[in-house]
1. If each of residue 445 and residue 189 carries a label point 7 Å out from its Cα toward its Cβ, how far apart are those two points in nm?
2. Taking 8 Å as the Cα distance limit and 6 or more residues as the minimum spacing, I'd like the relative contact order of the chain as a percentage.
3. In which sequence would 29, 131 go, from the one with the fewest C-beta neighbours within 10 Å to the one with the most?
4. Could you sort the peptides 117-123, 326-332, 384-390, 444-450 by per-residue average Cβ neighbour count (10 Å cutoff), highest mean leading?
5. Would you kindly state how much longer the chain becomes between residue 580 and residue 384 on full extension, computed as 0.36 nm times their sequence separation minus their alpha carbon distance, in nm to one decimal?
6. Express in nm, to one decimal, how much length is gained between residue 460 and residue 210 on full extension, taking 0.36 nm for each residue of separation and deducting their alpha carbon distance.
7. Separation between the residue 297 and residue 523 pseudo-spin-labels, each 7 Å from Cα along Cα→Cβ, expressed in nm?
8. In whole angstrom, note down how far apart the Cα centers of the range 503-530 and the range 450-476 are.
Ligand code: ATP
Ligand code: MG
C-alpha cells in the first residue's frame with residue numbers, strides 16, 4: 001500500500017527559532033521523561049494529585065485567579081465569563097453540595113447537560129469531592145442514558161428538568177444506585193418529586209471546600225467510546241491522566257497561558273473533556289465554549305470576535321465547512337488563528353490543504369482514542385506536514401506497527417508495512433479498564449503492547465498513515481484495501497463532499513469495494529456524475545483498489561460524535577442486523 005504521496009509536503013508552520021513549546025521533535029523525544037512531564041503540576045498540598053486542583057486551584061493559589069478561564073457563548077447571543085477564581089469557588093460549592101448530601105468518595109457522578117456552565121462546575125466539583133465524573137452526550141435518548149448509567153452504577157445525575165422528564169423519569173426507580181438527582185437551570189412550578197434544585201443548593205453552599213486527597217491512581221473519569229464499531233465501552237481513567245493532558249496540550253496544541261483556545265468537541269466525548277476542560281485549564285489558558293451546534297458562519301464569527309488563537313476541531317466539521325465553500329470564510333477575519341488541529345477520524349489530505357486555502361494554515365491531524373485518554377500521534381507545529389498522515393508519536397509514546405497471531409506479536413519494521421497500530425503501555429492517561437469487561441480489556445494487550453484495533457503504516461521518515469479500523473479493512477483479490485485511502489481519492493473529485501467505503505461480497509475477488517458519496521452544494525446525482533467519479537477514482541487508485549460501484553446519499557450515517565459508521569453502511573447494504581445504534585446521529589432522543 002502506498003501513501004498519498006502525490007500531495008506536496010507542507011512546510012512546518014512554526015519556523016526554526018520560533019518559540020513553539022516543541023521546537024525540535026527529535027530533541028524533544030530524546031529529552032522526554034513522563035516523570036518530569038508533570039513538573040509544573042504541583043500536586044495537592046500535603047500530597048496526592050487531583051485534576052481539579054491542577055486545573056483551577058493551583059492557579060488561584062499562585063495568584064492567577066483573576067485570569068479568564070472560560071468564556072461561555074450561549075445559543076441566544078448571551079455570553080458569560082468565568083475567571084479561574086470563579087471556577088474554583090463555584091466548583092468548591094458544587095463539591096460542597098455532593099458532600100452535604102453524603103455522596104462518598106469514589107461515587108460516580110453522571111452529567112447529562114448541553115455545553116452550559118453547570119457542566120464545567122460539575123466536572124471540577126466532582127473531582128474535588130473525590131468522585132468519578134462521567135459525561136453523557138446530551139442528545140442521547142432515554143435508552144442510551146439508562147444503559148450507560150446502569151453500566152456505570154451511577155450514584156448522582158446532574159441534568160436539567162427537561163432532560164430529566166424526557167430521558168430519566170420513566171426508568172429512574174429501576175436504578176437503585178442513583179441516590180441524588182441535581183437539576184440545573186431552574187425548576188418549573190410543578191417540578192417532579194425526588195430531585196434537588198442545583199442552583200438553589202449552590203447558592204447555599206460555601207465558597208471554600210477541603211479538596212479530597214486523591215492519589216494519582218484513583219479513578220477520576222469514565223468515558224464511553226463512540227460506538228463506531230459496536231456497543232460502546234466504558235473506559236476508566238485516573239487522576240494521573242492530567243499529566244498527559246497537560247503535556248500534550250503544550251507539545252501538540254502548543255498551548256500557552258495567553259492562549260484563546262477553542263475545542264469544539266462536546267464534553268460528552270473524551271476530546272471535550274481531555275482538551276475541552278482539563279488541558280487548557282492546567283495550562284492557564286482561556287477557553288471558549290459555544291453552546292450551539294455547528295453552523296459555519298457562526299463558527300467563523302466566533303473565530304473572528306473571540307480572536308481564537310488555537311482551534312481544535314474534527315474532520316466532520318471541516319468537511320461541512322468545505323461543503324459550504326471558501327467564499328464564506330473569507331468574509332471573516334480569522335487572522336488571530338495560529339494553529340488548527342483535528343482529531344476523531346482520518347483527516348483526508350484534501351481537508352488539510354483546504355485549511356491552507358480557507359485560513360492560510362493547514363489543519364494538523366492527530367490520532368488517539370478514548371482508551372489512550374490523550375493525544376498519541378500528531379502533526380506538531382514544528383514539523384513538516386505530509387497531508388494524509390497522522391504525524392509522529394508524541395514524545396514519551398512508543399508506537400509500533402505489529403502483526404498479532406494469538407499471543408505472539410511481531411513488530412513490522414519495514415516502511416509502509418500494513419499492520420495494527422500498537423503502543424507500549426506506560427503513559428499516564430492510559431485507560432485502566434473497561435467497566436464490567438475485564439476479558440475484553442485483557443485482550444487489548446499482548447507481547448508488551450497495547451493493541452489499538454486500528455491498522456496503519458509507518459513511512460521511512462517515521463510518519464504514521466492511517467489505513468482503517470481493523471473491522472473496516474477490505475480484502476479484495478489478495479489486496480488489503482484501507483477505506484481511508486479510497487475515500488480520500490474520492491474526495492479529490494470536485495463534486496464530492498463526503499465518502500464512505502465498504503467491502504461487499506464478490507464471488508471472484510472475495511470482496512469488492514463499494515462507495516457511498518454525498519455531494520457538495522450545487523451538485524446533483526446523475527449517472528454521468530457517477531461514472532465520472534468512479535472513472536477518476538480508477539485513474540488515481542488503479543482497478544484493483546478503486547470502487548467498483550457507487551451510490552449517492554444525501555448524508556452518510558454518522559455517530560453523534562461525527563464519525564462515519566461504515567459498519568452501518570455495510571449492514572444496510574447487505575441486509576444484516578444493524579447492531580447497537582445508540583450513538584447514531586439522528587436517532588430519536
Ligand atoms: P468504538 O470503540 O466504540 O467503536 P470509537 O473507536 O470511534 O468507538 P473513540 O475512542 O471516540 O471511539 O475513537 C477512536 C478511534 O477514532 C480511533 O481508534 C480511530 O479509529 C479513530 N480516529 C481518531 N482520530 C483519528 C485520526 N486522526 N485518524 C484516523 N482515525 C482516527
Ligand atoms: Mg474504538
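1. 5.9 nm
2. On the way: 1276 pairs, mean separation 80.6, N = 589.
Relative contact order here is 14 percent.
3. Values: 29 17, 131 25.
Neighbour counts put them in this order, fewest first: 29, 131.
4. On the way: 117-123: 26.0, 326-332: 13.3, 384-390: 24.0, 444-450: 15.9.
Top to bottom by mean Cβ count within 10 Å: 117-123, 384-390, 444-450, 326-332.
5. Details: separation 196, 0.36 × 196 = 70.56 nm, distance 3.99 nm.
Result for the pair: 66.6 nm of gain on full extension.
6. On the way: separation 250, 0.36 × 250 = 90.00 nm, distance 5.27 nm.
Net length gain for the segment: 84.7 nm.
7. Each label point is offset 7 Å from its Cα along the Cβ direction, giving 2.5 nm.
8. Between the Cα centres of the range 503-530 and the range 450-476 lies a distance of 23 Å.
Every read-out reported here was derived from the displayed coordinates using simple, explicitly stated rules and does not represent laboratory data. Computed from a predicted model, the values in this text were never measured in an experiment. Virtual Cβ from ideal backbone geometry, glycine too; neighbours counted across all protein chains shown.
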